[in-house]
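Here is the structure we will look at, set down as structure tokens.
The values are calculated or read from the model by the stated rules, or taken from the named source; none is laboratory data. Nothing here was measured: the structure is a model prediction, and the numbers come from that model. Neighbour counts are summed over all protein chains in view; Cβ atoms, including those assigned to glycine, are modelled from backbone coordinates with ideal geometry.
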């Protein structure tokens with residue numbers, strides 16, 4: 001393997017290292033265990049949701065409803081605990097079950113009616129957000145039992161629990177993609193749906209599964225987020241789908257389907273985390289952060305595209 | 001010399017695709033380019049069009065020298081290519097495709113009427129009957145090819161490169177195309193003609209160049225050579241007879257019986273197949289052969305009739321159900337329907353049986369490798385590694401991978417739809433040998449083929465379809481090219 005191939009394969013990790021070195025030099029508060037754990041905790045919800053997005057992208061689809069689902073999970077779980085006096089565990093499970101069902105509905109419409117995923121999930125995104133507003137009337141819901149905050153704010157040793165949840169979900173994602181037979185189906189369907197069908201893969205079922213899993217992971221991310229913020233708000237999940245998409249694309253997941261790895265998505269997520277943390281330490285404004293985030297995405301994907309073109313032509 | 005390729009070298013990591021290749025083409029000649037898949041023909045062509053930049057060497061067109069081409073330059077100098085894969089936009093009309101990128105305009109608006117009229121003129125010149133208003137996606141592969149040729153001609157191509165143009169065509173369509181090649185030659189167009197079909201090389205070309213392993217082996221006048229010599233030069237060894245002999249494997253047991261089957265454009269199809277038989281299906285493109293395969297394999301539903309397989313009536317609704325019953329399909333379009341190009345060899349072979357070799361959802365990867373290796377050895381898939389992506393294999397090896405996956409799934413009935421399309425001579429022979437060993441091992445083969453010699457050479461029995469109906473059935477002693485052709489052209493439909 002020459003250096004160019006290495007760069008193509010691990011380029012995303014190189015970008016991550018460069019960012020880390022840059023911020024370490026630029027700010028003395030960046031490179032220490034405490035701050036790194038803060039970064040990990042900040043990105044944990046994103047990491048969980050990105051696994052679902054990664055699966056969906058592998059199929060050549062997209063799930064724009066992830067952010068709205070996180071909002072709905074926040075509002076529903078909060079409403080159940082505060083207004084319904086339901087136990088935190090039950091409320092969480094009910095909310096996750098709800099987002100999982102929404103994921104299934106996405107998959108059902110996409111696979112059975114064969115509507116384009118971007119339209120289907122755009123519609124459910126809008127509907128789900130509306131439902132969240134209706135439930136809470138636009139007002140924040142708070143005052144949860146103390147035990148609920150453990151998921152989002154607790155630690156095991158020095159490791160924050162959200163980070164542990166993220167590691168578990170991402171490992172699960174990697175196991176599904178690398179070891180299970182249905183994970184292989186994701187690549188086959190995303191790479192060539194017709195050939196996959198003619199190889200005996202039930203393409204419709206694969207789509208159900210993938211969108212359902214995306215809903216499930218969005219639900220788990222939503223509960224962790226709610227527990228961390230301690231307040232159910234209508235804006236809580238706003239923009240999550242695009243951050244998840246950014247992380248996946250940074251990690252080299254093909255938006256045309258058929259190609260992508262969880263390990264690289266981890267790098268994509270860490271890049272986003274390091275960027276926003278580092279820029280806060282450097283007192284960059286939120287708007288500057290947006291500009292930089294977009295530029296990094298454009299640069300990273302542009303770099304990847306150029307490498308690919310070179311490879312196919314050279 | 002009208003077109004000169006001088007000392008072209010192109011090296012890919014691990015492969016020398018072109019090794020100091022020099023090819024001179026005279027003005028107005030039909031120059032055939034032959035060689036096995038992977039010999040470097042396509043790469044050479046791509047250097048003429050700018051799709052591939054050579055590492056060294058030069059290209060001279062009509063006295064002007066270039067270090068490398070760009071697609072734009074190639075077009076300006078009258079080079080047009082008809083690739084194996086078409087460059088047509090399915091959702092645009094035939095006329096719009098022909099004038100793609102250079103639409104006839106009236107002010108700022110596109111003058112559709114003029115484009116349709118121009119297209120009609122071109123088609124009249126070609127002697128083909130295509131409605132320019134039709135969407136390209138509604139045409140069969142054969143007609144799409146003709147649109148592609150029409151497009152090149154409308155661009156006043158001076159050098160027309162045809163990459164296996166007859167591969168997807170029926171005999172009648174191919175005949176049209178040959179006439180067209182003669183006509184273009186008369187008009188002074190220079191043609192580089194790539195083909196695996198020997199008869200058309202001798203029919204059409206003035207000179208022929210043989211390539212092997214990235215080198216030019218020899219260029220000679222076509223009239224000074226013969227099929228045997230060409231094949232020998234191409235493969236670098238002597239080939240045995242074109243169709244390997246097969247001991248009789250047909251048993252008395254009927255494995256598949258189809259009664260009055262209809263649906264998917266088919267009407268009242270009835271036939272029986274015995275275990276160990278190779279049943280050939282002849283007919284024109286669109287005659288219903290592929291459609292029949294789709295019904296048997298559960299891709300499309302039947303609307304009437306019965307399918308009795310291994311003594312039981314079946315009605316597969318999905319390919320998965322058909323596979324579980326022991327039916328397999330090697331589809332017509334290898335790249336679009338058959339192979340999972342971005343997935344490695346072992347992943348392709350194991351795809352239909354992944355679930356069977358999994359426990360608690362986890363794939364038993366040791367078994368997967370073992371199975372893949374077994375078939376790689378037994379049917380001789382040429383590859384350094386099972387983790388090679390299938391897109392990096394030659395056509396013949398891709399086809400072997402697809403057949404291997406069905407052997408791994410233990411299918412009893414294997415439907416082969418155009419099993420050797422676009423595959424070179426040496427690999428064809430291996431596919432035929434493979435078919436023989438299938439029936440020898442008790443499998444049954446339904447073989448759809450548009451190549452008449454192959455159909456006659458390989459089948460135990462031939463059924464001919466036309467317009468969705470069976471129009472004839474021949475036993476081994478009765479095979480005759482002309483009889484089959486006339487059966488294939490029987491028309492019962494109302495116009």
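List of remarks:
- Residue count, the range B:308-325 (criterion: touching a helix residue (DSSP H, G or I) at 6+ places or on another chain (Cβ under 7 Å) and in a loop (DSSP other than H, G, I, E, B)): 1
- Any hit, the range A:174-195, residues being out of contact with any strand residue (DSSP E or B) (no Cβ under 9 Å at 6 or more places or on another chain), free of Cβ contacts under 8 Å to residues at least 12 places away in the same chain, more than 14 Å from chain B (Cβ to nearest Cβ) and not in a strand (DSSP E or B): no
- Residue check for residue B:133: touching a helix residue (DSSP H, G or I) at 6+ places or on another chain (Cβ under 9 Å), touching a residue at least 40 places away in the same chain (Cβ under 8 Å) and part of a loop (DSSP other than H, G, I, E, B): yes
- Scanning the range B:71-93 for any residue that is within 14 Å of another protein chain (Cβ to nearest Cβ) and either touching a helix residue (DSSP H, G or I) at 6+ places or on another chain (Cβ under 9 Å) or surrounded by 20 or more Cβ atoms within 10 Å (Cβ to Cβ) (or both) turns up at least one such residue.
- Among the residues of the range B:136-167, those that are part of a loop (DSSP other than H, G, I, E, B) and under 20 Å from residue B:78 (Cβ atoms) comprise B:155, B:156, B:157, B:158, B:165.
- The condition (being in a loop (DSSP other than H, G, I, E, B) and over 17 Å from residue A:103 (Cβ atoms)) is satisfied by just one residue among A:30, A:23, A:13: A:30.
- Selected residue (only one of A:254, A:263, A:227, A:214 is touching a residue at least 40 places away in the same chain (Cβ under 8 Å), surrounded by fewer than 21 Cβ atoms within 10 Å (Cβ to Cβ) and assigned to a helix (DSSP H, G or I)): A:263
- Residues within the range B:342-356 that are surrounded by fewer than 21 Cβ atoms within 10 Å (Cβ to Cβ) and within 8 Å of chain A (Cβ to nearest Cβ), tallied: 2
- Matching residues in the range A:144-160 - criterion: being closer than 16 Å to residue A:92 by Cα and touching a strand residue (DSSP E or B) at 6+ places or on another chain (Cβ under 9 Å): A:144, A:152, A:153
- Here the helices (runs of 4 or more DSSP H) wholly within the range B:339-442 that include at least 1 residues being closer than 19 Å to residue B:278 by Cβ, at pLDDT below 95 and not assigned by TED's automatic domain parsing to the domain that holds residue B:17 are B:395-408, B:425-440.
- Screening residue B:219 with (1) outside any strand (DSSP E or B); (2) closer than 13 Å to residue B:32 by Cβ; (3) modelled with pLDDT of 90 or more gives one miss only, at (1).
- Sole residue being crowded, with 21+ Cβ neighbours inside 10 Å and either more than 8 Å from chain A (Cβ to nearest Cβ) or closer than 20 Å to residue B:301 by Cβ (or both), chosen from B:322, B:315, B:339: B:322
- Meets criteria (on the phi < 0 side of the Ramachandran plot, away from every other protein chain (no Cβ under 14 Å) and surrounded by fewer than 21 Cβ atoms within 10 Å (Cβ to Cβ)) for residue A:141: no
- Of all residues in the range B:290-307, at least one satisfies being surrounded by 17 or more Cβ atoms within 10 Å (Cβ to Cβ), in a strand (DSSP E or B) and not assigned by TED's automatic domain parsing to the domain that holds residue B:44.
- The range B:435-453, subset farther than 25 Å from residue B:263 by Cβ and buried (at least 21 other Cβ atoms within 10 Å of the Cβ), residue nearest to the chain's Cα centre (by Cα): B:435
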